[in-house]
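Down below is the structure, laid out as structure tokens.
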Amino acid sequence: MISEIAKQIADTQISSASIVESGPGKFEVPGTRDLGRTNDGPTGFDAKEIGKLSDIEADMTPGGRDAVSGKDAFTRNKADVGASDVGQENTVNETQEAAPIRNKVEGSRRELEVEGELKEQYLEKEGYSVESERYLRDKDGVIVKDTETGEARRVDFTITKDGKIVDMVEVTSKTADKAEQTAKEERIRDAGGNYIKDSNGNLVEIPSNVHTKIERRD
């Protein structure tokens, strides 16, 4: 490939100064389609080939390498800038992708912490059962959906005793806004979503005076 470029330099007087940037770390010489590097558009070269092209040009230019060193440095600097931009964009994308995973891990940690505390507070030997991730249902056991959002509501923890719900807890971070979620739950409750199914499949009623408490943790 480089020998063909050298031939182009000799035959058509192409120099590194005539090379134009076509993308981050990519360059092209207009009018050299015959070298066949791409299916569409003029021939493209990567940054390494540009360096080799400059070396060939230096050997063929009066005054040798010193005569083109400035142009060569400019070309290499442009390639480095392009690579840097791509690297920064990749870093941003990776950070954005990692955020939901990190939030999920932190959420699971908080829930495990609170679940342990609830089981210490509501002892199984005293007839309590700490149930996790239970949907709000109607008296027939059907999951009730919010009329505004079309979404169901699943409460982090519900505590049962003697066939009734005695406490409900939602675990979240110190800063999360739960106003919309609370409003959705109240609409579902108003629509008849006042039951859950416990881990044994029994339908358990939520008294009208029991509402979900928000437990905030770091």
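Tabulated values for the structure
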{"read-out": "Failed criterion for Glu186 (all others in (1) within 22 Å of Arg110 (Cβ to Cβ); (2) surrounded by 13 or more Cβ atoms within 10 Å (Cβ to Cβ); (3) of a type outside the set (A, V, I, L, M) hold)", "value": "(1)"}
{"read-out": "So Thr160, is it of a type in the set (Ser, Thr, Tyr) and touching a Ser or Thr at 6+ places or on another chain (Cβ under 6 Å)", "value": "yes"}
{"read-out": "Residues (modelled with pLDDT of 95 or more and of a type in the set (Ser, Thr, Tyr)) located in segment 102-133", "value": "Tyr122, Tyr128, Ser129, Ser132"}
{"read-out": "Complete set of residues in segment 119-152 that are at positive phi and in contact with an Asp or Glu (Cβ under 8 Å, 6 or more places away or on another chain)", "value": "Gly127, Glu133"}
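The values are calculated or read from the model by the stated rules, or taken from the named source; none is laboratory data. Every value quoted in this text rests on a predicted model; they were computed, and no experiment measured them. Don't worry about glycine lacking a Cβ; one is built from the backbone with ideal geometry, like all the others, and counts go over all protein chains shown.
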